[in-house]
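The values are calculated or read from the model by the stated rules, or taken from the named source; none is laboratory data. A quick note: this is a predicted structure, and the numbers were derived from the prediction, not measured. Cβ: placed from backbone, ideal geometry, glycine included. Neighbour counts: every protein chain shown. In case anyone asks, the SASA skips ligands and DNA or RNA and just uses the protein heavy atoms, side chains included. Shrake-Rupley method; radii C 1.70, N 1.55, O 1.52, S 1.80 Å.
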Amino acid sequence: MSTFSALGIRKDYIKSIKEIGISKPSEIQEKTIPILLKESTDFIGLAQTGTGKTAAFGLPVLHHIDAKSDHIQALILSPTRELVQQIKKQLFKFTKYVDDRIFLEAVFGGEKIDRQINNLKRTTHIVIATPGRLIDLIERGDIDISHVTTVILDEADEMLSMGFKQDLNRILKFTTKNDRKTWLFSATMPEEIKRIVKTYMNTNAPRVEVNPNSLVNENIRHQFVKTTIKEKTDLITKFLEKEELKEVLYFVEQKQVRKI
Ligand code: AMP
């Protein structure tokens, strides 16, 4: 088992990731970080959520940023607003002990574009975006991507299945000019992804695959209960009353406040 230091990660980053419980590299991190730190290359990573892939691409991309420059140097594309915000949060935590501040901005649909345009007027080094919103900003001329050197597609298969195929193709047409590097991460490799790789990337790009069972969150126990819509609320209430839970995350389709 390697260490982050042996993989080439700087001390200031090692200090911050340790604080959030990342002390030993996961499989994807061990295989990916040395390549992305050393080489300027396209890259394909086959890994699912929970393997530690955000740090696998996040730490190298942060190492490559020139914080003294005012320009946007990296774009990270992700399928949902929640994932975009999550990536921004993680990367921000990684930079806690870095001397020259690296500025990150998240842009996504569902929030006023004017606010995001204003934010982008400040120094920004890395933009994390959903594809649709990024295309809007590019086409309005409200984002300068001319200094971008690295484009990261996170959960590429999810972006396609959520209907972002056209947006992705349009973005890649802009971004794969001028020797920019594309790092593609995906849990699966359907035909559509292969086509993207063939069209926009170096087909000899290094490819890293990890065991789908190598999850960093393996100490989580999953359980499910089958019920009917009618009995669902009662069942959840009973469950909440029975268990001594400190914190609960409840995922819902619609926000509807109902006291139980
Ligand atoms: P990801 O697959 O990037 O979504 O990461 C899933 C979770 O694992 C995040 O909460 C990370 O903070 C955490 N994580 C990432 N790398 C490691 C690691 N090497 N050891 C322990 N936890 C990690």
Take the residues in segment 54-66 that are open to solvent by 10 Å² or more (accessible area, probe 1.4 Å) and either within 13 Å of the ligand (Cβ to nearest atom) or aliphatic (A, V, I, L, M) (or both); name whichever of them is nearest to residue 90 (Cα to Cα). 54
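Filter segment 140-176 down to the residues that are among the β-branched types (Val, Ile, Thr) and farther than 18 Å from residue 54 by Cα and list them by number.
If the condition is that a residue be among the β-branched types (Val, Ile, Thr) and farther than 18 Å from residue 54 by Cα, then 143, 145, 148, 149, 171, 175, 176 are the ones that fit.
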Residue list for segment 35-52, filter: open to solvent by 30 Å² or more (accessible area, probe 1.4 Å) and of a type outside the set (S, T, N, Q): 35, 37, 38, 39
Of these, 154, 144, which one is open to solvent by 30 Å² or more (accessible area, probe 1.4 Å) and of a type in the set (Asp, Glu)? 144
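Per-residue answers, yes or no, for (1) within 16 Å of the ligand (Cβ to nearest atom); (2) surrounded by 14 or more Cβ atoms within 10 Å (Cβ to Cβ); (3) under 16 Å from the mean Cα position of the chain (by Cα); (4) not in a loop (DSSP other than H, G, I, E, B):
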position	(1), (2), (3), (4)
30	yes, yes, no, yes
84	yes, yes, yes, yes
87	yes, yes, yes, yes
100	no, no, no, no
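Is it fair to say residue 173 is open to solvent by 80 Å² or more (accessible area, probe 1.4 Å) and over 30 Å from residue 69 (Cα atoms)? Full working, then the answer.
Details: open to solvent by 80 Å² or more (accessible area, probe 1.4 Å): yes; over 30 Å from residue 69 (Cα atoms): no.
For residue 173, the condition - open to solvent by 80 Å² or more (accessible area, probe 1.4 Å) and over 30 Å from residue 69 (Cα atoms) - is not met.
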